[in-house]
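Read through the structure below, which is laid out as structure tokens, and then see the notes.
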């Protein structure tokens, strides 16, 4: 990478802008190390849907004990670490949050499920102290979609909105597929980006349809999503490949960044016959980051 381009962009990291997040059930402690060794940008241990109701106390204790040891031994190495707790409007969710604080674990991301109000984000942000870096609010109900803009404006350490497509499709009475979730995807991306947040997409649940996963990932990228989540390590290579820009896109982005004088933050200007401004420069930086730093 040329010195000039390096000067005007920061390499993406798992904690900044992940392409992928891999879920692993909180009941399967024996799978945690394998998940962390996969190629995901972020690995999320799930205490919510992936854990049977009567096993949540045991899973909570086992997960937090494992995370405490793992984070202490691997600080600054490996993928980003996330935890999906139960909803904060449930007793299990409140217990998860308090146990996380008591455990002294430091996560990169905390996932809050079934968020329908900014108050959920504000509660987690106020109570959990240094236990996590950023929050992901999962939008999984029709009410959550309606309130997505207000949730996105919660501020604090909120870093992303994520589509919870399975629950949302049930709530809407819609197909759990591209057509059924298209409107919600568009509204979530708009709400997230209007508040400067990332947008993360629901996993593709058909492990036997890699071509469909590739197509869906390209489609959500085109909508504005920055991260596609996964439920199995073999999905990760497909997801990452979808994020790699074409050679023409990469060449355009590098040429544009080279055209910006070193040390300057230009306003609007003409480049190759088209008007360029701040958002276009940010897009070019993202393309160069993905093409150079994150090739599969």
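Key figures for this structure:
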read-out: Single match in 229, 217 (criterion: touching a strand residue (DSSP E or B) at 6+ places or on another chain (Cβ under 7 Å), more than 22 Å from residue 48 (Cβ to Cβ) and modelled with pLDDT of 95 or more); value: 217
read-out: Only listed residue being surrounded by 14 or more Cβ atoms within 10 Å (Cβ to Cβ) and either at pLDDT 95 or above or part of a loop (DSSP other than H, G, I, E, B) (or both), chosen from 57, 12; value: 12
read-out: Complete set of residues in segment 174-208 that are assigned to a helix (DSSP H, G or I), surrounded by fewer than 21 Cβ atoms within 10 Å (Cβ to Cβ) and either in contact with a helix residue (DSSP H, G or I) (Cβ under 6 Å, 6 or more places away or on another chain) or not assigned by TED's automatic domain parsing to the domain that holds residue 154 (or both); value: 180, 187
read-out: Top-ranked residue of segment 209-235 - restricted to ones that are assigned to a loop (DSSP other than H, G, I, E, B) and touching a helix residue (DSSP H, G or I) at 6+ places or on another chain (Cβ under 7 Å), ranked as nearest to residue 162 (Cα to Cα); value: 225
read-out: Extreme residue, surrounded by the most Cβ atoms within 10 Å (Cβ to Cβ), among residues of segment 92-106 that are under 22 Å from the mean Cα position of the chain (by Cα) and at pLDDT below 95; value: 105
read-out: Count of segment 143-192 residues which are at pLDDT below 95 and under 16 Å from the mean Cα position of the chain (by Cα); value: 1
read-out: Subset of segment 60-83 (residues that are touching a strand residue (DSSP E or B) at 6+ places or on another chain (Cβ under 7 Å) and either surrounded by 21 or more Cβ atoms within 10 Å (Cβ to Cβ) or outside the structural domain of residue 238 (by TED's automatic domain parsing) (or both)); value: 63, 79, 81, 82, 83
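The values are calculated or read from the model by the stated rules, or taken from the named source; none is laboratory data. Being a predicted model, the structure only gives us computed values, none of them experimental. Ideal geometry is used to build each Cβ from the backbone, glycine not excepted, and the neighbour counts take in all protein chains shown.
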